[in-house]
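Student: I have a structure here, written as structure tokens, and I will follow up with some questions on it.
The values are calculated or read from the model by the stated rules, or taken from the named source; none is laboratory data. Predicted, not measured: the structure shown is a model, and the values here were computed from it. Here the Cβ is made from the backbone with ideal geometry for all residues, glycine too, and neighbour counts use every protein chain on show. Note: areas computed on protein heavy atoms with side chains; ligands, DNA, RNA excluded. Shrake-Rupley method; radii C 1.70, N 1.55, O 1.52, S 1.80 Å.
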Amino acid sequence: MFERYIWPLAHGRSLELGPEARIMGVLNVTPDSFSDGGRYAQADAALTQARRMVHEGASIVDVGGESTRPGGAAVSPAEEQARILPVIEALAAEGDTLISVDTYRGETARLAVQAGAHIVNDVWGLQREPGIARVAAATGAGLVVMHTGRERTKLADPIADQVAFLSRSLEIARDAGVDEQRILLDPGFGFAKETPEENLDLMARFSELSSLGRPWLVGTSRKRFVGAVTGREPDERGPGTAATSVILRLQGAVIFRVHDVAINKDALRFADAMVARGMAAGRGAAG
């Protein structure tokens with residue numbers, strides 16, 4: 001089910017995907033994120049949290065300087081860069097941590113990779129600032145391309161809409177010269193998926209997205225639909241998030257973008273163990 005895949009990244013780095021679920025820790029260097037706004041707005045607090053996430057098992061730290069919550073206030077490129085670049089530089093100076101920058105702006109992405117980031121994570125799927133794809137191509141960064149339904153009319157079928165939107169994103173990347181091997185896709189749970197049911201339908205049918213032919217990163221962490229199912233407030237949604245991580249791992253996801261690293265790491269270890277047992281049983285039956 002999970003073939004070994006080497007994801008090439010900027011600065012000559014890479015990450016093995018497939019046999020072991022990987023975790024991307026969320027580091028919001030913002031005052032207004034929906035679940036941890038202001039907690040890590042200062043560089044020292046952000047670095048302490050990044051170290052904690054790596055210690056708990058995160059392979060990647062994803063640094064963002066603008067809230068992507070519904071209704072979140074936009075910030076200027078200069079403010080975004082002032083928030084994230086010192087944190088990225090400090091993380092890069094500390095050693096081997098893989099760093100992702102959560103931005104849709106081409107210039108912010110360029111400066112972030114220059115400061116030491118290895119991955120560009122675009123929640124607008126290259127379709128707000130297509131020039132960000134050229135930055136990824138020029139720097140050799142890993143590229144995460146996310147689906148969103150914001151500011152457009154979606155198709156009625158959630159899988160058809162994913163395929164239509166992300167096919168366009170892949171076309172933009174290809175035209176910009178991005179090596180396809182550097183691209184991962186993200187279905188964008190919670191991003192203009194208007195009801196809990198729409199998110200749950202997308203989760204139930206997630207395996208159908210394999211038709212797009214790229215590995216998948218998923219981000220369900222503390223989302224409102226997790227709260228709708230569990231009845232929990234954002235900072236109490238770690239166990240619910242871990243349940244979604246297991247469900248999506250068993251359907252093929254390879255990277256999990258989460259706030260609560262330790263609980264998701266344990267849950268995904270169990271999912272990996274079950275996948276391995278299933279694969280071993282399949283080989284035995286074939287023999």
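Student: Within the group A92, A141, A117, A137, which residue is touching a residue at least 12 places away in the same chain (Cβ under 8 Å), over 24 Å from K223 (Cβ atoms), open to solvent by 30 Å² or more (accessible area, probe 1.4 Å) and in contact with a His (Cβ under 9 Å, 6 or more places away or on another chain)?
Tutor: Going through A92, A141, A117, A137 in turn, the sole match is A92.
Student: Output the residue which, of all residues in region 95-114 that are farther than 14 Å from L27 by Cα and in a loop (DSSP other than H, G, I, E, B), is most open to solvent (accessible area, probe 1.4 Å).
Tutor: My answer is D96.
Student: Pull up region 195-212, narrow it to residues that are touching a residue at least 12 places away in the same chain (Cβ under 8 Å) and among the acidic types (D, E), then point me to the one that is surrounded by the most Cβ atoms within 10 Å (Cβ to Cβ).
Tutor: Once the filter is applied, the top-ranked residue is E198.
Student: So, V54, is that one open to solvent by 10 Å² or more (accessible area, probe 1.4 Å), more than 23 Å from V226 (Cα to Cα), modelled with pLDDT of 95 or more and among the β-branched types (V, I, T) or not?
Tutor: Spelling it out, V54 is indeed open to solvent by 10 Å² or more (accessible area, probe 1.4 Å), more than 23 Å from V226 (Cα to Cα), modelled with pLDDT of 95 or more and among the β-branched types (V, I, T).
Student: Looking at (1) open to solvent by 20 Å² or more (accessible area, probe 1.4 Å); (2) out of contact with any Gly (no Cβ under 9 Å at 6 or more places or on another chain), which is the one condition that is false for P234?
Tutor: Looking at each condition in turn, P234 falls short on (2).
Student: Additional query: Is it fair to say F189 is in contact with a Gly (Cβ under 9 Å, 6 or more places away or on another chain), assigned to a loop (DSSP other than H, G, I, E, B), on the phi < 0 side of the Ramachandran plot and at pLDDT 95 or above?
Tutor: yes
Student: Could you tell me which residue of region 1-34 is modelled with the highest pLDDT, considering only residues that are farther than 19 Å from L185 by Cβ, crowded, with 17+ Cβ neighbours inside 10 Å and not aliphatic (A, V, I, L, M)?
Tutor: Ranking the qualifying residues of region 1-34, first place goes to G25.
Student: Let me ask something else about it. Among residues belonging to region 88-106 that are modelled with pLDDT of 95 or more and β-branched (V, I, T), point out the one that is farthest from H147 (Cα to Cα).
Tutor: The extreme case among them is I88.
Student: I need a count of the residues in region 144-171 that are open to solvent by 20 Å² or more (accessible area, probe 1.4 Å) and hydrophobic (A, V, I, L, M, F, W, C).
Tutor: Of the residues in that region, 6 qualify.
Student: Tally time: how many residues in region 122-134 are open to solvent by less than 10 Å² (accessible area, probe 1.4 Å), on the phi < 0 side of the Ramachandran plot and not hydrophobic (A, V, I, L, M, F, W, C)? Spell out the reasoning first.
Tutor: Kept after step one, since they are open to solvent by less than 10 Å² (accessible area, probe 1.4 Å), are these residues of region 122-134: 122, 125-126, 132-133.
Checking the rest, the ones that are also on the phi < 0 side of the Ramachandran plot come to 122, 132-133.
Now narrow it down to the ones that are not hydrophobic (A, V, I, L, M, F, W, C): 122.
Selection size over region 122-134: 1.
Student: Could you figure out which of (1) open to solvent by 30 Å² or more (accessible area, probe 1.4 Å); (2) farther than 23 Å from G177 by Cβ; (3) in contact with a helix residue (DSSP H, G or I) (Cβ under 6 Å, 6 or more places away or on another chain); (4) hydrophobic (A, V, I, L, M, F, W, C) isn't true of A78?
Tutor: The one condition A78 does not meet is (3).
Student: Could we say that V226 is open to solvent by less than 20 Å² (accessible area, probe 1.4 Å), modelled with pLDDT of 95 or more and within 15 Å of the chain's Cα centre (by Cα) here? Working first, answer last.
Tutor: Details: open to solvent by less than 20 Å² (accessible area, probe 1.4 Å): yes; modelled with pLDDT of 95 or more: yes; within 15 Å of the chain's Cα centre (by Cα): no.
So V226 does not fit the description; no.
Student: Kindly provide the set of residues from region 172-186 that are open to solvent by 30 Å² or more (accessible area, probe 1.4 Å) and in a loop (DSSP other than H, G, I, E, B), ordered by number.
Tutor: Matches in region 172-186: G177, D179.
Student: Let me ask another. Taking M279 as meeting all but one of (1) more than 25 Å from A164 (Cβ to Cβ); (2) open to solvent by less than 30 Å² (accessible area, probe 1.4 Å); (3) modelled with pLDDT under 95, write down the number of the exception.
Tutor: Result: M279 passes all but (2).
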